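Worksheet: one structure, shown below.
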Amino acid sequence: MRRLFRRHIRKTLAANVPPVLQEANFVFDKGEYGRAAELFERIAQAADARGGGRAPLFHLQAGRARILAGQTSLGMPSLKRGLELLSQHRRFPRLHKAGRRVVAELNERGLQNEAAEIQTWLKSVLPAMPSLDLTERPSKKPVLPTHCPSCGAAQRLDEVEWLDDATAECAYCGSPVREED
């Protein structure tokens, strides 16, 4: 019962996606990484100030945009802040996934020293990962749209939280994202 209520609340609240989030996702997808970084940094700072649960994601995306813009020295603090917030909130499965992704993306960009720094930090804060309970996940993964219809954020099957067998929650705005027909 409580889960159904939570889903209903999410569906009604997600309709109010801030235009700055839509713009940040739009310019990121267009490759305007410097502008996207500025917008995500602004969103992250506001979310951080109010203790918002999505603040880590916005910091990570700001850092990612800075790295893609070639501004490594500006991007690393955002990446670290996002990972630190996940650790502080004890969201270890998400920290594990995000950390792996950050390290892989830094290595892909030839930033081995930065990747090694993040990897070392992750090893110091991550507990041993127990085997994950996959009983709630559908056996056949639905095909989600590539981007959230509400805010425009890219959707990744391995990072979304599933609300039911065909609906995931957008990590950026909380909107329900349904399986494509």
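Quick note: the coordinates plus some simple rules give every number you see, no bench work behind them. Quick caveat: nothing in here was measured; it's all calculated off a predicted structure. Note that each Cβ is placed from the backbone with ideal geometry, even for glycine, and that neighbours are counted across all protein chains shown.
Work out how much length GLN71 to ARG42 would gain on full extension: take 0.36 nm times their residue separation and subtract the Cα-Cα distance, in nm to one decimal.
Gain on extension, GLN71 to ARG42, equals 8.8 nm.
May I ask you to compute the full-extension gain from LYS97 to THR146, defined as 0.36 nm times their residue separation minus their alpha-carbon distance, rounded to one decimal in nm?
15.7 nm
Hey, rough spin-label estimate for ALA154 and THR120, points 7 angstrom out along Cα→Cβ, what's it come to in nanometres?
2.9 nm
Once you list every other residue whose beta carbon is under 9 Å from the beta carbon of GLU159, what net charge do they have if Lys and Arg are +1 and Asp and Glu are -1?
In short, +2.
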